[in-house]
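Written below as C-alpha coordinates is the structure these notes are about.
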Amino acid sequence: MKSNTNRLTQASTTENPYTVWGDLATQTREMMTASAQVITHRSVRMAMAGPVPNQRDQEEFSLMGQEKMDALSESAHAMTIRMLGLHQQVAKLAIQELLNGTKELIAFATGTFFKPIPIEKNKLIDRHMKQSSNLLSQLNASIAEVAQTGLYPLHSRATANAIRLAKLETVEQKLD
(Lines give C-alpha, C1' and ligand atoms only; values in the text may rest on other atoms or scores of the structure.)
Protein backbone atom coordinates (compact mmCIF):
# COMPACT_ATOMS: atom_id res chain seq x y z
CA MET A 1 0.00 0.00 0.00
CA LYS A 2 1.21 3.49 -0.77
CA SER A 3 2.11 5.80 2.05
CA ASN A 4 -0.78 8.20 2.56
CA THR A 5 0.71 10.16 5.45
CA ASN A 6 1.27 13.61 3.98
CA ARG A 7 0.10 13.52 0.40
CA LEU A 8 -1.77 16.84 0.71
CA THR A 9 1.51 18.72 0.46
CA GLN A 10 3.05 16.73 -2.39
CA ALA A 11 3.42 18.42 -5.78
CA SER A 12 2.40 15.37 -7.80
CA THR A 13 -1.23 15.72 -6.77
CA THR A 14 -1.19 19.33 -7.95
CA GLU A 15 0.22 18.35 -11.32
CA ASN A 16 -2.42 15.68 -11.96
CA PRO A 17 -4.78 14.96 -9.06
CA TYR A 18 -6.91 12.69 -11.23
CA THR A 19 -4.10 10.11 -11.27
CA VAL A 20 -5.13 9.19 -7.73
CA TRP A 21 -8.75 8.75 -8.84
CA GLY A 22 -7.54 6.62 -11.75
CA ASP A 23 -5.56 4.44 -9.35
CA LEU A 24 -8.65 4.07 -7.18
CA ALA A 25 -10.72 3.02 -10.18
CA THR A 26 -8.08 0.47 -11.19
CA GLN A 27 -7.93 -1.01 -7.68
CA THR A 28 -11.72 -1.13 -7.53
CA ARG A 29 -11.86 -2.99 -10.87
CA GLU A 30 -9.21 -5.47 -9.68
CA MET A 31 -11.08 -6.06 -6.44
CA MET A 32 -14.41 -6.57 -8.23
CA THR A 33 -12.87 -9.01 -10.70
CA ALA A 34 -11.21 -10.96 -7.90
CA SER A 35 -14.43 -10.91 -5.87
CA ALA A 36 -16.40 -12.32 -8.79
CA GLN A 37 -13.89 -15.18 -9.09
CA VAL A 38 -14.03 -15.88 -5.36
CA ILE A 39 -17.84 -15.75 -5.25
CA THR A 40 -18.07 -18.10 -8.23
CA HIS A 41 -15.62 -20.58 -6.68
CA ARG A 42 -17.29 -20.54 -3.29
CA SER A 43 -20.82 -20.74 -4.71
CA VAL A 44 -19.90 -23.80 -6.75
CA ARG A 45 -18.18 -25.28 -3.74
CA MET A 46 -21.30 -24.74 -1.59
CA ALA A 47 -23.52 -26.30 -4.23
CA MET A 48 -21.19 -29.29 -4.57
CA ALA A 49 -20.92 -29.72 -0.79
CA GLY A 50 -24.63 -30.21 -0.44
CA PRO A 51 -26.44 -30.15 2.91
CA VAL A 52 -23.57 -31.82 4.79
CA PRO A 53 -20.23 -30.20 3.84
CA ASN A 54 -16.98 -31.92 4.73
CA GLN A 55 -14.49 -30.45 7.22
CA ARG A 56 -12.45 -28.60 4.60
CA ASP A 57 -15.59 -27.01 3.13
CA GLN A 58 -16.85 -26.04 6.57
CA GLU A 59 -13.54 -24.32 7.31
CA GLU A 60 -13.65 -22.47 3.98
CA PHE A 61 -17.24 -21.34 4.56
CA SER A 62 -16.54 -20.05 8.07
CA LEU A 63 -13.42 -18.32 6.77
CA MET A 64 -15.63 -16.36 4.35
CA GLY A 65 -17.56 -14.63 7.09
CA GLN A 66 -14.56 -13.96 9.29
CA GLU A 67 -12.56 -12.48 6.43
CA LYS A 68 -15.35 -10.06 5.56
CA MET A 69 -15.67 -8.86 9.14
CA ASP A 70 -11.90 -8.44 9.50
CA ALA A 71 -11.54 -6.59 6.20
CA LEU A 72 -14.44 -4.23 6.88
CA SER A 73 -13.19 -3.50 10.39
CA GLU A 74 -9.65 -2.83 9.13
CA SER A 75 -11.01 -0.66 6.33
CA ALA A 76 -13.14 1.48 8.65
CA HIS A 77 -10.25 1.90 11.07
CA ALA A 78 -7.78 2.91 8.34
CA MET A 79 -10.22 5.43 6.84
CA THR A 80 -10.96 6.94 10.24
CA ILE A 81 -7.26 7.43 10.98
CA ARG A 82 -6.67 8.92 7.52
CA MET A 83 -9.66 11.26 7.85
CA LEU A 84 -8.41 12.55 11.21
CA GLY A 85 -5.06 13.41 9.65
CA LEU A 86 -6.75 14.99 6.65
CA HIS A 87 -8.96 17.03 8.96
CA GLN A 88 -5.91 18.54 10.64
CA GLN A 89 -4.23 19.31 7.32
CA VAL A 90 -7.34 20.96 5.89
CA ALA A 91 -7.81 23.09 9.01
CA LYS A 92 -4.19 24.23 8.88
CA LEU A 93 -4.41 25.06 5.18
CA ALA A 94 -7.73 26.87 5.62
CA ILE A 95 -6.25 29.12 8.31
CA GLN A 96 -3.18 29.80 6.17
CA GLU A 97 -5.33 30.65 3.16
CA LEU A 98 -7.57 32.88 5.27
CA LEU A 99 -4.57 34.81 6.57
CA ASN A 100 -2.93 35.04 3.14
CA GLY A 101 -6.18 36.05 1.51
CA THR A 102 -6.88 38.71 4.11
CA LYS A 103 -3.37 40.12 3.75
CA GLU A 104 -3.70 40.21 -0.04
CA LEU A 105 -7.21 41.70 0.11
CA ILE A 106 -5.95 44.48 2.37
CA ALA A 107 -3.03 45.11 0.01
CA PHE A 108 -5.44 45.26 -2.91
CA ALA A 109 -7.96 47.47 -1.11
CA THR A 110 -5.36 50.03 -0.02
CA GLY A 111 -5.01 51.15 -3.64
CA THR A 112 -7.31 53.76 -5.08
CA PHE A 113 -10.28 52.25 -6.88
CA PHE A 114 -10.19 54.86 -9.63
CA LYS A 115 -6.60 54.21 -10.62
CA PRO A 116 -5.63 51.33 -12.87
CA ILE A 117 -4.59 48.25 -10.94
CA PRO A 118 -0.80 48.03 -10.88
CA ILE A 119 0.81 44.97 -12.43
CA GLU A 120 2.12 43.87 -9.02
CA LYS A 121 -1.44 43.65 -7.67
CA ASN A 122 -2.52 41.64 -10.72
CA LYS A 123 0.35 39.24 -10.07
CA LEU A 124 -0.68 39.04 -6.41
CA ILE A 125 -4.25 38.14 -7.32
CA ASP A 126 -3.09 35.66 -9.96
CA ARG A 127 -0.71 33.97 -7.49
CA HIS A 128 -3.42 33.71 -4.84
CA MET A 129 -5.89 32.19 -7.33
CA LYS A 130 -3.30 29.62 -8.48
CA GLN A 131 -2.47 28.69 -4.88
CA SER A 132 -6.16 28.22 -4.08
CA SER A 133 -6.63 26.09 -7.18
CA ASN A 134 -3.62 23.94 -6.28
CA LEU A 135 -4.91 23.43 -2.75
CA LEU A 136 -8.29 22.31 -4.06
CA SER A 137 -6.55 19.84 -6.39
CA GLN A 138 -4.55 18.47 -3.48
CA LEU A 139 -7.68 18.16 -1.36
CA ASN A 140 -9.41 16.33 -4.21
CA ALA A 141 -6.51 13.86 -4.42
CA SER A 142 -6.45 13.42 -0.64
CA ILE A 143 -10.13 12.49 -0.62
CA ALA A 144 -9.42 9.83 -3.24
CA GLU A 145 -6.59 8.57 -1.06
CA VAL A 146 -8.99 8.19 1.87
CA ALA A 147 -11.05 5.93 -0.37
CA GLN A 148 -7.89 4.05 -1.42
CA THR A 149 -6.98 3.58 2.22
CA GLY A 150 -10.39 2.05 2.89
CA LEU A 151 -10.29 -0.09 -0.23
CA TYR A 152 -6.85 -1.56 0.47
CA PRO A 153 -7.89 -4.24 3.03
CA LEU A 154 -10.80 -5.34 0.85
CA HIS A 155 -8.69 -5.36 -2.31
CA SER A 156 -5.81 -7.28 -0.75
CA ARG A 157 -8.05 -9.98 0.69
CA ALA A 158 -10.14 -10.40 -2.46
CA THR A 159 -7.11 -10.68 -4.74
CA ALA A 160 -5.30 -13.02 -2.33
CA ASN A 161 -8.39 -15.24 -2.10
CA ALA A 162 -8.76 -15.33 -5.88
CA ILE A 163 -5.16 -16.50 -6.24
CA ARG A 164 -5.43 -19.01 -3.37
CA LEU A 165 -8.72 -20.49 -4.57
CA ALA A 166 -7.51 -20.70 -8.19
CA LYS A 167 -4.50 -22.72 -7.01
CA LEU A 168 -6.73 -24.88 -4.84
CA GLU A 169 -9.06 -25.49 -7.76
CA THR A 170 -6.11 -26.54 -9.93
CA VAL A 171 -4.89 -28.97 -7.26
CA GLU A 172 -8.38 -30.42 -6.79
CA GLN A 173 -8.76 -30.90 -10.56
CA LYS A 174 -5.48 -32.81 -10.67
CA LEU A 175 -6.68 -35.08 -7.84
CA ASP A 176 -9.92 -35.89 -9.67
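Miscellaneous remarks
- Flag for N161 being modelled with pLDDT of 85 or more and surrounded by 14 or more Cβ atoms within 10 Å (Cβ to Cβ): yes
- Test: A71 is at pLDDT 90 or above, part of a helix (DSSP H, G or I) and touching a Leu at 6+ places or on another chain (Cβ under 6 Å): yes
- Residue that is most open to solvent (accessible area, probe 1.4 Å), among those in the range 33-80 that are touching a residue at least 40 places away in the same chain (Cβ under 8 Å) and among the hydrophobic types (A, V, I, L, M, F, W, C): L72
The values are calculated or read from the model by the stated rules, or taken from the named source; none is laboratory data. In this text, all values refer to a predicted model and were calculated from it rather than measured experimentally. Heads up, the Cβs are rebuilt from the backbone with ideal geometry, glycines too, and the neighbour counts pull from every protein chain shown. Accessible surface is based on the protein model in full, side chains and every heavy atom, while ligands, DNA and RNA are left aside. Shrake-Rupley method; radii C 1.70, N 1.55, O 1.52, S 1.80 Å.
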